[in-house]
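Asker: Sharing a structure, written as structure tokens. Questions coming.
The values are calculated or read from the model by the stated rules, or taken from the named source; none is laboratory data. Just so it is clear, the model here is predicted, and its values are computed rather than measured. As a convention, Cβ positions derive from the backbone with ideal geometry for all residues, glycine included, and neighbour counts pool all protein chains shown. These area figures cover heavy atoms from the full protein model, side chains too; ligands, DNA and RNA do not enter into them. Shrake-Rupley method; radii C 1.70, N 1.55, O 1.52, S 1.80 Å.
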Amino acid sequence: MRFRGHMDVALSEARAAAARGEVPVGAVIVQDGAVIARAGNRTRELDDPTAHAELLAIRAACAALGSQRLPGCDLHVTLEPCAMCAAAIGFARIARLYFGATDPKSGGVAHGPRIFAHPQAHHRPEIYDGIAAAEAETLLRDFFAARR
């Protein structure tokens, strides 16, 4: 069986986002094996283009820890982070990034601007991709197929 980490929690958040009519992306931040924050997309609900699952989880984790940085924390997210989220991951000093589905169109880690590959990147987390990718891809495909 392939490593899944806390991706099941992130997938649960993605399913909840889809139920709210949001693009089904979920994120969870873990410290020392314990979930300290979890979120799903809320851009439509909050009328906020920055309310991506990753950013909401980072904000909640920072609040929970009383810190602007999250060293030693892991982020599990169902979709490859966009450039905005990748930059925030670096600024937050997240130690490890685990993501499911790749995003050739809007991704910012393995595709597009590849934020962590730039010499200007202040921090580069360890990156692990393809975690529960098939499930994340199915959620996204089904969500968008229902809207066509």
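Asker: Between SER67 and ASP48, what is 0.36 nm times their sequence separation minus the Cα-Cα distance? Round to one decimal in nm. Walk me through the numbers before you get to the answer.
Answerer: Values: separation 19, 0.36 × 19 = 6.84 nm, distance 2.32 nm.
Full extension of this stretch gives 4.5 nm more.
Asker: Given region 14-148, what percent of its DSSP beta bridges are antiparallel, to the nearest 5? It would help to have the intermediate numbers written out before the result.
Answerer: Details: 11 of 19 bridges.
Restricted to region 14-148, the bridges split so that about 60 percent are antiparallel.
Asker: Output the relative contact order of region 47-121, whole-number percent, from Cα pairs under 8 angstrom with separation of 6+ residues. Please report the intermediate quantities before stating the final value.
Answerer: Working: 104 pairs, mean separation 21.3, N = 75.
The value is 28 percent.
Asker: Let me ask something else. As a check on your grasp of the helix formula, calculate [θ] at 222 nm for the chain: sum -39500 (n - 2.57) over DSSP H runs of n ≥ 4, divide by the residue count, round to the nearest 500. Numbers along the way, then the final one.
Answerer: On the way: 5 runs with 53 residues, N = 148.
Roughly -10500 deg cm²/dmol at 222 nm, from the helical runs in the chain.
Asker: Okay, next question. Could you work out how far helix 7-19 tilts from the main Cα principal axis of the chain, as a 0 to 90 degree angle to the nearest 10?
Answerer: Rounded to the nearest ten degrees, it is 50.
Asker: Expressed as a rounded percentage, what relative contact order does the chain have, with Cα pairs under 8 Å and six or more residues apart? Write out the running numbers ahead of the final one.
Answerer: Working: 331 pairs, mean separation 30.1, N = 148.
Once normalised by length, the contact order is 20 percent.
Asker: Could you state the angle between the C-alpha long axis of helix 53-65 and the longest principal axis of the C-alpha atoms of the chain, as a value from 0 to 90 degrees rounded to the nearest 10?
Answerer: The angle comes out near 40 degrees.
Asker: With all protein chains present and a 1.4 Å probe, how do HIS76, HIS118 order by accessible area, largest first? Mind dumping the intermediate values first?
Answerer: Values: HIS76 5, HIS118 80 Å².
In descending accessible area the options line up as HIS118, HIS76.
Asker: Ignoring ligands, DNA and RNA, what percent of the accessible area of region 67-148 is carbon or sulfur (1.4 Å)?
Answerer: Whole-percent figure for carbon plus sulfur exposure: 54.
Asker: I've got another one for you. Mean-square fluctuation check for the chain, GNM, Cα pairs under 10 Å: which of THR138, THR43, THR78 is largest?
Answerer: Looking only at THR138, THR43, THR78, the largest GNM fluctuation is found for THR138.
Asker: Which stretch or stretches of region 16-48 have amide N atoms under 15 Å from the point lying 7 Å from ALA95's Cα along the Cα→Cβ direction?
Answerer: 29-36
Asker: Something else: Quick check: the angle from helix 133-146's long axis to the longest principal axis of the chain, C-alpha only, nearest 10 degrees?
Answerer: That works out to roughly 40 degrees.
Asker: Out of the trypsin sites (Lys or Arg not before Pro) in region 20-129, which ones are loop residues according to DSSP with at most 15 other C-beta atoms within 10 Å? Mind showing how you got there, number by number?
Answerer: Numbers: sites: ARG20, ARG38, ARG42, ARG44, ARG59, ARG69, ARG93, ARG96, LYS105, ARG114; in loops: ARG20, ARG42, ARG69, ARG93, LYS105, ARG114.
When the trypsin sites (Lys or Arg not before Pro) of region 20-129 are filtered for loop state and at most 15 Cβ neighbours within 10 Å, ARG20, ARG69, LYS105, ARG114 remain.
Asker: What FRET efficiency comes out for the pair SER106/ALA34, r = Cβ-Cβ distance, R0 = 22 Å, nearest 0.05?
Answerer: Working: r = 31 Å, r/R0 = 1.39.
The value I calculate is 0.10.
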